[in-house]
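> To start, I am sharing the structure in question, which I have written as structure tokens.
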Amino acid sequence: MNIKKHDLSLVILAGGLGSRFGGNKQIAEISGLGCTIMELSIADAYAAGVTQVVIIINQAVRSEIEQVILPRLPLDLDVVLVEQRIDLVPVQFKALVDERVKPWGTGHALLCAKQHVHNPFIVITADDYYGTSSFNLLAEHFKLHSDWAMVGYPIINTLSDQGGVNRGVCKIQNNQLINVIEFLNISIENNSLMGENPQQQRVHIADDALGSMSFWGLTPSFFNRLETGFDNFLQKYDNGVKMEYYLPDQIQQTITNNQQSVTVYTAQESWYGVTYKSELQDVASKLYELRHG
């Protein structure tokens, strides 16, 4: 296989089914901008020095992306579409495929990019807006460092008017990620940032706490870890539980085993995301103002 070398790649996780959104939100256009959130991220990554984009998709959006989105991207950008298929599992686990309906999860989605990515890369989700400067932060990181990195966003700036949100709260020491703990139903109560911890206790969250919004800087060595982890996941898989193979869990395992360090950068811009269709117009208005002043 002829391997093309890039300084920096972008992997976009766009294979989700968007069940809460009610459709394929990855290809939902932003009113007034005439493009998707994913295209804004690609433009920002391209400006930061990314020369290859690998988009992990589901079959339902391939035609739309090929016919509508790809023609709008820079001509000198190497773009690869990779389908995250349920049957992409090691041969000894093929029997599990028949009863599986949903994709295997974000860890499996990234694993699908393995044969296409041979250099440091940034991982994002298609329906989240991260800001131009965040791509610059990780591009500069990989010019100087070989460890992994992430951009964390002040949780207080990622709340929703629609109600409480779930966020991975980062524990950080000397700018290094120690762990990410999932807090549920985070909101402002009596001028205090509150959330439900894994022990189901409602507790205060520090006002300056950073959240992981799935903006990672990784290296190809991680793919071997993902493969091993996916094998272990499938060995324990129970069709009755419908478990998912999550990317953050595998990053955490690598940190816990002291196999890799993750430098944390604080985002300089706001994050915007769309979970429900009712949020799309509000996000569109904010992004239009942001991109056009």
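Only the coordinates and a few stated rules stand behind these numbers; no lab work does. All values derive from a computational prediction rather than experimental measurement. With ideal geometry, Cβ positions are generated from the backbone for all residues, glycine too; neighbour counts draw on all protein chains shown.
> Rounded, prolate or oblate: which one fits segment 137-263, using the alpha carbon gyration tensor with axes a ≥ b ≥ c (rounded when a/c is under 1.5, else prolate when a/b beats b/c, else oblate)?
Numbers: a/c = 2.30, a/b = 1.25, b/c = 1.85.
Oblate, because a/c is 1.5 or more while a/b does not exceed b/c.
> Given N175, S278, T219, which one lies farthest toward the positive end of the charge dipole of segment 173-293, if we put +1 on the Cβ of every Lys and Arg and -1 on the Cβ of every Asp and Glu?
The Cα lying farthest towards the positive end belongs to T219.
> A further question follows. Can you tell me the equivalent ellipsoid semi-axes for segment 30-171? Use √(5λ) from the Cα gyration tensor, largest first, whole Å.
26, 21, 19
> Then there's this: If you compute volume of the Cα convex hull per residue in Å³ for the structure shown, which of [x] 148; [y] 139; [z] 127 do you land on?
Checking each listed value against the structure points to [x].
> With only Lys, Arg, Asp and Glu charged, each at its Cβ (+1 for the first two, -1 for the last two), find how big the charge dipole of the chain is about the Cα centre; round to the nearest 20 debye.
Using only the charged Cβ atoms, the result is roughly 460 debye.
> Turning to a different aspect of this structure: Among V11, Q201, Q235, flag the residue with its Cα farthest along the positive direction of the charge dipole of the chain, charges on Cβ as +1 for Lys/Arg and -1 for Asp/Glu.
The listed residue farthest towards the positive side: Q235.
> Rounded to the nearest 500 deg cm²/dmol, what is the calculated helix-only ellipticity per residue at 222 nm for the chain, with -39500 (n - 2.57) per DSSP H run of length n ≥ 4?
Calculated from helices alone, the mean residue ellipticity at 222 nm is -7000 deg cm²/dmol.
> Could you grab the relative contact order for the chain? Cα pairs under 8 Å, six or more apart, rounded to a whole percent. Don't skip to the end; give the middle numbers.
On the way: 519 pairs, mean separation 70.5, N = 293.
Relative contact order, the chain: 24 percent.
> Charges only on Cβ, +1 for Lys and Arg, -1 for Asp and Glu: so what's the dipole of segment 41-171 about the Cα centre, in debye to the nearest 20?
320 debye
> I need D7, D161 ordered by Cβ neighbour count within 10 Å, fewest first.
D161, D7
> Take every DSSP beta bridge with both residues inside the chain and express the antiparallel ones as a percent of the total, to the nearest 5. Could you put the intermediate results ahead of the total?
Details: 31 of 53 bridges.
The antiparallel fraction comes to roughly 60 percent.
> For segment 206-293, what size does the Cα cloud have along each of its three principal axes, sorted from largest down, in whole Å?
Result for segment 206-293: principal-axis Cα extents of 50, 35, 29 Å.
> How many Lys pairs in the chain lie less than 28 angstrom apart by Cα atoms, where the lysines are 8 or more positions apart or on different chains?
Close lysine pairs under the 28 Å cut-off: 23.
> For segment 52-114, what are Rg and Dmax over the alpha carbons, in angstrom?
13.8, 42
> Taking every DSSP beta bridge that has both residues in segment 12-159, what percent is antiparallel when rounded to the nearest 5?
15 percent
> While we're looking at this one, here's another question. Rounding to the nearest 20 debye, state how big the charge dipole of segment 138-293 is about its Cα centre with +1 on each Lys and Arg Cβ and -1 on each Asp and Glu Cβ.
On the way: 10 positive and 17 negative charges, 35 e Å.
Here segment 138-293 has a charge dipole of around 160 debye.
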